[in-house]
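Accompanying notes for the structure given below.
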Amino acid sequence: MASNWFGIFFAACLILQLQGILVQMVYPDCGIVSPQSRVVGGQAAGLGSAPFMAYLMKNNLYHCGGSIINKRYILTAASCLNSDITVRLGEYDDRTDPDCVEKVCMPLHEDFSISRFAYHKDYNNITLENDIALIQLSKAIEFKEHIKPICLHKFPGNATRPNEYQVYGWGATRHSGKSHSLQTTILRNYPNSRCRRPFTMNINPNVICAGARNSDTCQGDSGSPLVTHGHYAGRTRYVQMGILSFGTRKCTGAGGITSGKDAPMGSAPFMAYLMKNNKYHCGGSIVNRRFVLTAAHCVGMNMTVRLGEHDNRSNPDCEGFVCMPSHQDFGIARIAYHREYNGGTKFNDIALIKLNGNIIFNVHIQPICLHLYPANARRVTEYQVFGWGLTHYAGSTAHVLQTTNLTHFPNSQCEREFDGISVSNNQFCAGSSTGTDSCGGDSGGPLVTTIETADGESRYVQLGVVSYGDSSCMGTGVYTYAPNYGQWILENIRKMRMY
């Protein structure tokens, strides 16, 4: 949660519903409101006031929010799902177990593994349309004082939009990368036309637009429920109206290239084109014959890797009478995330992908150079970035590989622009004063410089991995500093070669 900013965000509108006088309830005892439930202005929620909240973890670190809808299922955003996710229920403050306020304590939290999950079949990971998913837990939930389901509308015709909503989450706050205790705030309902202006995209009936002048959601709140209160079956209950998807806050930016230009064919043979469900998802870079480097937040289920891509509308790619060989597609054999990756702050946002076959190097498929020791990596001030991401915010992804030049800025500048969110020594800040930037879909791609070797050759050297940036795609961005992870890269290549 963050404050002192006018925020508007989208939430996927639920077309499920709930059994009472006006609505049907999925679970009879859902959504019971506790007396201390309404806390406004981005403050800590009352202990036990949101027993429906799910705390989703990836590699044992907080990743996203979600909501309990019955004894076996969690509702969240499709953009939150990834490999190695576990679900914690009954959480309030992730530093303590049990959670206590003064002399009042809740029972211990409970952790669950995932049996399976389902995305909406029309989910678009770039525009985030139909950003909704269900998680099936590995065992049934035993409902208790601090673990209860939320109510859902089953029929959209009976679901009237209220004037305001309440939203919960453990995401980034104004002054820190992530909140340890559950936060909540009140947001107002706005006409969908109000979201059209900042997002410059078609707003359909499956989304709702909401925001506030003094509070908003932020990184890590994705997947969390947008709720209202209603009187059903003789009780006041929480009813879920939306799922947090994305917003205009700078802290939620996802770091295509805006105001860039087409890269010359064959000019970036190190680029990897990562696909999820056969659609473009993220960028990456080739590091040797079997491994691709990308961002940790890019890697998920149903992914394939394409190498030698330039224009995704043609194969082979040609300019005039000059054609490149056909691209090469690979499945994924193994994935290594950095064990300290934090999905909220994007600290250690780096991952290695082991392909299911050896790459055949040729004129348009070649590895990038890496600095293996940070002490030998000179901090340069000018970079080049490549990607097939959005060419403007909420626009469409590029068919042809794009590139632009960026300049190094002090980390303090990104911290100011992202409302005080910490930028670590393992990250760096870069951008442009001319309106060019990386944007949604460029995540995981390389930020590079060129060096001249002793024999007079110029080589691309990767210094950064695109992590996140200004949601308008026109300001600065935060990049994982690759030289600091040289030994991590070598270590994990050695480990994964054994399998």
Inset, instruction - State whether one or more residues within region 343-355 are open to solvent by 50 Å² or more (accessible area, probe 1.4 Å), of a type in the set (A, V, I, L, M, F, W, C) and part of a strand (DSSP E or B). - result: no
Legend entry - Among residues of region 206-251, those that are modelled with pLDDT of 85 or more, over 29 Å from R416 (Cα atoms) and either among the aliphatic types (A, V, I, L, M) or part of a loop (DSSP other than H, G, I, E, B) (or both), counted: 3
Inset, instruction - State which residue is farthest from the chain's Cα centre (by Cα) when the search covers only region 111-163 and only residues that are modelled with pLDDT of 90 or more, polar (S, T, N, Q) and open to solvent by 40 Å² or more (accessible area, probe 1.4 Å). - result: S138
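Quickly run through region 313-331 and pick out the residues that are among the polar types (S, T, N, Q) and open to solvent by less than 50 Å² (accessible area, probe 1.4 Å). Working first, answer last.
Taking region 313-331 as the starting set, the residues that turn out to be among the polar types (S, T, N, Q) are 314-315, 326, 328.
Selection gives S314, Q328.
Scanning for something more than 30 Å from S179 (Cβ to Cβ), modelled with pLDDT under 90, open to solvent by 30 Å² or more (accessible area, probe 1.4 Å) and assigned to a loop (DSSP other than H, G, I, E, B), does region 293-309 turn up at least one residue? Explain how you work it out, then say what you get.
In the first step, residues of region 293-309 are kept if they are more than 30 Å from S179 (Cβ to Cβ); the result is 293, 302-309.
If we keep only those that are modelled with pLDDT under 90 too, we end up with 302.
Keeping just the survivors that are open to solvent by 30 Å² or more (accessible area, probe 1.4 Å) gives 302.
Remaining after also requiring assigned to a loop (DSSP other than H, G, I, E, B): 302.
Yes, region 293-309 contains at least one residue that is more than 30 Å from S179 (Cβ to Cβ), modelled with pLDDT under 90, open to solvent by 30 Å² or more (accessible area, probe 1.4 Å) and assigned to a loop (DSSP other than H, G, I, E, B).
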Inset, instruction - Examine region 165-172 for a residue that is surrounded by fewer than 20 Cβ atoms within 10 Å (Cβ to Cβ), in a loop (DSSP other than H, G, I, E, B) and at pLDDT below 85, and state whether such a residue exists. - result: no
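Which residues, taken from region 338-366, are closer than 16 Å to E309 by Cβ and of a type outside the set (A, V, I, L, M)? Lay out the reasoning, then the answer.
At the first step, the residues of region 338-366 found to be closer than 16 Å to E309 by Cβ are 353, 355, 359-366.
Of everything in region 338-366, those that are closer than 16 Å to E309 by Cβ and of a type outside the set (A, V, I, L, M) turn out to be F361, N362, H364, Q366.
The values are calculated or read from the model by the stated rules, or taken from the named source; none is laboratory data. Only a predicted model underlies this, so the values are computations on that prediction, with no experimental measurement involved. Glycine gets a Cβ as well: all are built from the backbone with ideal geometry, and neighbour counts include every protein chain shown. Remember, those area values only see protein heavy atoms, side chains included, never the ligands or the DNA or RNA. Shrake-Rupley method; radii C 1.70, N 1.55, O 1.52, S 1.80 Å.
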